[in-house]
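Okay, so here's the structure we're looking at.
The values are calculated or read from the model by the stated rules, or taken from the named source; none is laboratory data. None of these values were measured; they are calculated from a predicted model. Note: ideal-geometry Cβ built from the backbone for every residue, glycine included; neighbour counts use all protein chains shown. We work out accessible area using only protein heavy atoms, side chains counted, and drop any ligands, DNA or RNA first. Shrake-Rupley method; radii C 1.70, N 1.55, O 1.52, S 1.80 Å.
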Amino acid sequence: NKTSGKLAAAATSTYVLVNVKTRKLFIAPKEMIDLYKDTSTKDTSAQLGVPNLPKKSKLGSFTSEEAKLSSSFVVEQSDIDLNGHVGASVYIHWILDSAVEEGVRLDAISTLDIEYKEECFLGENIECYTQTTTGEDGGRD
């Protein structure tokens, strides 16, 4: 925050390399790893001056019978990234739009864990299901 000088947001990301021909994960060459060794996620909290960044949690599974269909979207050309499938940020927009449909205030969301299971392509229909649970602190998750 420019006014207060306090950190307004912090995020961590984990990336993988994918062979575009086989669509399989592969291990980065040592030369590439060495280029980014100073940006290890092991000490990100200390580098940002934030004591405890959230760790990625294991997402629980649920079925469409346990959840409510909140929104559906058709993948448009503007949703497609350079790899020919839906870009990561588009999923976030869909999730947040679905949360709003369910009456969730966006400023009430403190963390967002996303687990990408498969690619989505142009013209496909995407359904967003929501399920409200009670967190450890008694609030809605």
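Things worth noting here:
- Spin-label model, ILE92 to GLU124: label points 7 Å out along the Cα-to-beta-carbon direction sit 2.0 nm apart.
- Rounded to whole Hz, the Karplus (6.51, -1.76, 1.60) HN-Hα couplings of the range 95-108, x for glycine and proline: 5, 5, 4, 5, 4, 4, 4, 8, x, 7, 7, 4, 6, 8
- For PHE73, PHE62, the ranking by accessible surface with the largest value first comes to PHE62, PHE73, using a 1.4 Å probe.
- In terms of accessible area, using a 1.4 Å probe and ignoring ligands and nucleic acids, SER71, SER61 rank largest first as SER61, SER71.
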